[in-house]
1. Please enumerate the residues belonging to the range 123-177 that are surrounded by fewer than 15 Cβ atoms within 10 Å (Cβ to Cβ) and of a type in the set (D, E, K, R).
2. Answer yes or no as to whether TYR154 is part of a strand (DSSP E or B) and in the same structural domain as MET175 (by TED's automatic domain parsing).
3. For the list (1) modelled with pLDDT under 95; (2) under 24 Å from the mean Cα position of the chain (by Cα), I need the number of the one condition that THR103 fails.
4. Are there any pairs, at least 6 apart or on different chains, whose C-beta atoms fall under 8 Å, with the first in the range 113-130 and touching a residue at least 24 places away in the same chain (Cβ under 8 Å) and of a type in the set (Val, Ile, Thr) and the second crowded, with 17+ Cβ neighbours inside 10 Å and assigned to a helix (DSSP H, G or I), and if so, which?
Amino acid sequence: MKKFSFNAFSISAILFMFCSCSGNNDAAQQQVAVPVAQEQPVQAAPVDTMVQTQAQAAAPQTALPEAITAFIKQHFPNATIVGIEPDNEHGGPEYDVYLNDGTQIDFDVNDQWEKVESMKGVPAFFIPQAIATYVKSNYQNMTITKVNKEHHGYEIELANGLDLNFDNSGRFLGMDD
């Protein structure tokens, strides 16, 4: 019984304190005007514009070797270069090239492409036929968004984020997390 009366007393005390604090005290209820800043709606830029702006901010315009320029004109005739990021970490000039359609192409020291990335899908030219056939039969209607040419073969990324590894002949090796 003591336990019950103590709990009832505690609850009553809490309720009393709550009710007395929320009473009609004119001094406590004075209203203070706080200015509120009017936010202007922000209009998002189109994806192509965002990619272009990011690429331009990330990379100053640099002259590309003629082989790279010719390669881009041949395989991306409707795209323009919006950014170039030179890299000299591997014993010579390498370039990351950004196009206005959201494509990024990385070139090695021999001016050969080593990675192509595009959310719209990597052009078929970059995908070896055996890999394209494997992806088509095992991941129907899935877009390849990145292809990485490596010493041991190819790493392919699908639109769902899945990474697939292939040897140089296009034989499936496995998946990465």
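The values are calculated or read from the model by the stated rules, or taken from the named source; none is laboratory data. The shown structure was predicted, so the numbers you read here are calculated from the model rather than taken from an experiment. Every residue, glycine as well, gets a Cβ built from its backbone with ideal geometry; the counts of neighbours run over all protein chains shown.
1. LYS136, GLU150, ASP163, ASP167, ARG171, ASP176, ASP177
2. Yes: the conditions hold for TYR154.
3. Only one criterion is unmet by THR103, namely (1).
4. Listed by first residue and then by second, the contacts come to VAL116/PHE126; ILE127/VAL135.
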